[in-house]
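Worksheet: the structure to be examined is printed underneath.
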Amino acid sequence: MDIDDWRDEIDRLDEQLVTLLNARSQCAIELGRIKRELGLAIYSPDREREVIAHVTGINHGPLDRFAVRRLFERIIDESRRIERVTIEKETKDGNVVSRKVEESQRRKEALRRDTTNGNRDGRDCNRRADLGSNR
């Protein structure tokens, strides 16, 4: 094989690495969701030590164990970051959705009360809606 062949091979391997890293990241996101539901911390030093021990243990080179360790420390850092960012975003988005649903439910209840109490001209509902929009 010549230099171009080796570069093509590296390109193909890089494409596989990106696919695998994205699959691993998706797993990390799912783990982050489970951790959130269980009230567990994103950072788990014991688990990270297990992962490093596993990957350095299965390594047969030519990378030495220190190189594999450094690579996986970085992969784990990025996995932890994407877990945290995704969970924070989903929690924030979920809170925004929850507040909008609650506000909508309050307005519907106010309208129902006004209609039930005989106030069919909507003045109280509009006032309540205006008050709700200022929050």
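The numbers here are math on the coordinates, done by the rules we state, and not lab data. Worth saying up front: this structure is predicted, and the values here are computed from it rather than measured. Using ideal geometry, Cβ is built from the backbone for each residue, glycine included, and neighbour counts are taken over all protein chains shown.
Data for the structure
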{"read-out": "Dipole moment magnitude, nearest 20 debye, the range 3-98 about Cα centre, only Lys, Arg, Asp, Glu C-beta charged", "value": "580 debye"}
{"read-out": "At R0 = 41 Å, FRET efficiency that the Cβ-Cβ distance of LEU40 and LEU111 yields, to 0.05", "value": "0.45"}
{"read-out": "Residue-span extension gain [VAL51 to LEU20] - 0.36 nm each, minus C-alpha spacing", "value": "9.6 nm"}
{"read-out": "Inter-label distance, nm, simple model (7 Å from Cα along the C-beta direction), GLU73/ARG33", "value": "3.2 nm"}
{"read-out": "Karplus-derived HN-Hα couplings along the range 28-42 (A = 6.51, B = -1.76, C = 1.60, θ = phi - 60°), whole Hz, x at Gly and Pro", "value": "4, 4, 5, 4, x, 5, 5, 4, 4, 4, 8, x, 9, 6, 5"}
{"read-out": "Extension gain (nm, one decimal) between VAL85 and TRP6, 0.36 nm per residue minus Cα-Cα", "value": "24.7 nm"}
